[in-house]
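The values are calculated or read from the model by the stated rules, or taken from the named source; none is laboratory data. Because the structure is a prediction, the values reported are computed rather than measured. All Cβ positions, glycine included, derive from the backbone under ideal geometry; neighbour counts span all protein chains shown. When the accessible area is computed, the model is the full protein with side chains, heavy atoms only, and any ligands, DNA or RNA have been set aside. Shrake-Rupley method; radii C 1.70, N 1.55, O 1.52, S 1.80 Å.
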Amino acid sequence: MPDTPPLILVVDDEENIRFLVESGLALAGLETVSATNGREALAVVAEKRPQLIVLDVMMPELDGFEVLRRLRESGDRTPVIFLTAKDATEDRVKGLTSGGDDYVVKPFAIAELVARVQLRLTQTGAATKESILRCADLEMDVDAHRVTRGGSAVDLSPTEYKLLHLLMSNVGRVLSRAQILEHVWEYDFDGDSSVVDTYISYLRRKTDSGEPKLIHTIRGVGFCLRAEQ
């Protein structure tokens, strides 16, 4: 049996930021749970006991500093990486001296944040290897960089593999074209989003020509990988 991956709590009141961070962490083989505000974050920590918290500073009611203060006062020593648009030196100092472990300023590169999370997990002994992703008989071995469907190997280009990895890390979740562009192509795309449809078509030809169909178009929304019941 594979090791259970570390659980990361992502706390941010912006849905797009939560999606970006959770997807990046999932692609790195980590489990995630999210909270949209400070009070919810405290409740999730008490219930789920995450191994690390990615914590936004600027939130209504309880900001990130107050969330961290309450955690530390209760004796909770879960590592915290602050995520915020504030980049003044005094804010960085406040975050680190109040018990935070790291500080990432928006806008940020998701690869850098994931690397910081993995480094902190390694330092605390909570890191683990990436797991095998599955949806029906479609399987992705992340460590081996290998994809199979029904036991037969599937040859994918780097972009096709990255797109499939995103879909398989979010099985059952509908992803918009904008979300896919932001993660797979790693930039905000304000023009023609047909490149997503093109690569979805490539994936369908290579991984979804048989039954059951796994890649579904959600009209007017985006795409979803799931096995229909």
### Message
Placing unit charges on C-beta atoms (Lys and Arg positive, Asp and Glu negative, everything else neutral), compute the dipole magnitude of the chain about its Cα centre in debye, rounded to 20.
### Response
460
### Amide H partners (placed H, <5 Å) of Y103, local residues excluded
F82
### Query
How do L203, L7 stack up against each other in accessible area, from largest to smallest, with a 1.4 angstrom probe?
L7, L203
### Query
For the range 128-185, what does the alpha-carbon gyration tensor say about shape, rounded, prolate or oblate, given a ≥ b ≥ c as the root eigenvalues, a/c under 1.5 as rounded, and a/b over b/c as prolate?
prolate
### Query
Taking the chain as a Gaussian network, Cα atoms linked when under 10 Å apart, which of N16, N37, N170 shows the biggest mean-square fluctuation?
N16
### Message
Using each residue's phi in the range 64-72, evaluate 6.51 cos²θ - 1.76 cosθ + 1.60 at θ = phi - 60° and report the 3J(HN,Hα) Karplus result to the nearest Hz, with x for Gly and Pro.
### Response
x, 4, 5, 4, 5, 4, 5, 4, 5
### Message
Can you tell me how the range 18-65 classifies by the Cα gyration tensor, rounded, prolate or oblate, using a/c under 1.5 as the rounded cut?
### Response
oblate
#### Entry: Efficiency of FRET from Cβ geometry, S209 and R134, R₀ 22 Å, rounded to 0.05
0.75
### Query
So what does E228 come to for accessible area, using a 1.4 Å probe and Å² rounded to 10?
100
### Message
Can you list residues from other chains, or at least 5 along the same chain, whose modelled amide H is less than 5 Å from the amide H of S34?
### Response
V10
#### Entry: Charge dipole of the chain about the Cα centre (unit charges at C-beta), most positive-ward option of T207, N37, A109
T207
## Note on the structure
Going residue by residue through the range 199-210, the Karplus relation 6.51 cos²θ - 1.76 cosθ + 1.60 with θ = phi - 60° gives ³J(HN,Hα) values, rounded to whole Hz and with x marking Gly or Pro, of 6, 4, 4, 4, 5, 4, 4, 8, 10, 10, 7, x
### Summary
Accessible-area order for T84, T4, largest to smallest, probe 1.4 angstrom, reads T4, T84
### Query
So how tilted is helix 158-168 from the main axis of the chain? Cα-based, degrees 0 to 90, rounded to 10.
70
#### Entry: Low-density loop cleavage sites - GluC sites (Glu not before Pro) in the range 133-227, where at most 15 other Cβ are within 10 Å (DSSP)
E186
## Note on the structure
Once amide hydrogens are built 1.01 Å from N within the peptide plane, the residues lying 5 or more places from L62 or on another chain with amide H under 5 Å from its amide H are G38, R39
### Query
What are the ³J(HN,Hα) values, in whole Hz, obtained from phi via the Karplus relation 6.51 cos²θ - 1.76 cosθ + 1.60 with θ = phi - 60°, for each residue of the range 39-45 in sequence order, with x given for Gly and Pro?
5, 5, 4, 4, 5, 5, 4
### Task
Restrict the search to the range 144-229; then list the trypsin sites (Lys or Arg not before Pro) that DSSP places in a loop and that have at most 14 other Cβ atoms within 10 Å of their Cβ.
K213, R219
